[in-house]
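Written out below as structure tokens is the structure these notes cover.
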Amino acid sequence: MKSLIVGDKPTVARLAERLKQAASHAEYQRIQCVLIRATLGSSAAQIAQLLGWSTATVHVLHSRWAKDGDAIFDLRGRGGRRHQHLSPEQEQQLLAPFVARADAGGMLSVAEIQQAYQERVGKAVAPSTIYRLLDRHGWRKVVPRPRHPKADVAAQAAFKKTAPRGTPRGRAPG
């Protein structure tokens, strides 16, 4: 069977240098998998036993290395937003007028933000998309104030003391 990995000196030197610069354990093991084959000529079964992998995984990695080269070592991290409609900067620009309105004391509804978002994106999105957008930008659920800013606390206290007997506040203790 043809060997996919040639153990020439430039390849081994490049892999050894890359091994020293590995950023993660997974990348380190991938480089080891190829480097062991290039330097020692070990079989896939032996390499799998050394790394704690299956033989099939070693075969796949060797064939991918023969096809793609060092690109197989650049692992993409987990998570992230790979299917976004707008970048975080574009989202911030979209929310800017709403932030100004909220700072002025205005009430905002998700439906208004959703409408603006849909116009910007050019397609319909679910309300949950807007709630996640607001959460990403540090917004909390908009709720009414617990008391009106122009409320007169003294007048309310006086009313509680002088309320007619038929009202809930004016009931006699009993």
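The values are calculated or read from the model by the stated rules, or taken from the named source; none is laboratory data. Predicted model, so just to flag it, every value in this text is computed and none were measured. Positions of Cβ are generated from backbone atoms using ideal geometry, with glycine treated the same way; all protein chains shown enter the neighbour counts.
Going through (1) under 30 Å from residue 116 (Cβ atoms); (2) modelled with pLDDT of 90 or more one by one, residue 56 falls short only on (1).
Among residues of the stretch 68-87 that are within 30 Å of residue 132 (Cβ to Cβ), those with a Cβ under 9 angstrom from a residue that is among the aromatic types (Phe, Trp, Tyr) and in a helix (DSSP H, G or I), sequence gap 6+ or separate chain, pair up as 85/117; 86/117.
For residue 27, the test of being assigned to a helix (DSSP H, G or I), modelled with pLDDT of 90 or more and not assigned by TED's automatic domain parsing to the domain that holds residue 126 is passed.
For residue 100, state whether it is modelled with pLDDT of 90 or more and within 22 Å of residue 140 (Cβ to Cβ). Spelling it out, it is not the case that residue 100 is modelled with pLDDT of 90 or more and within 22 Å of residue 140 (Cβ to Cβ). Say we look at the stretch 101-121 and pick out the residues that are of a type in the set (A, V, I, L, M) and either touching a Pro at 6+ places or on another chain (Cβ under 6 Å) or more than 19 Å from residue 146 (Cβ to Cβ) (or both); which of these is surrounded by the most Cβ atoms within 10 Å (Cβ to Cβ)? Out of the qualifying residues, it is 113. Quick one: in the stretch 3-22, of everything that is of a type in the set (A, V, I, L, M) and surrounded by 11 or more Cβ atoms within 10 Å (Cβ to Cβ), which residue is farthest from the chain's Cα centre (by Cα)? The residue in question is 6.
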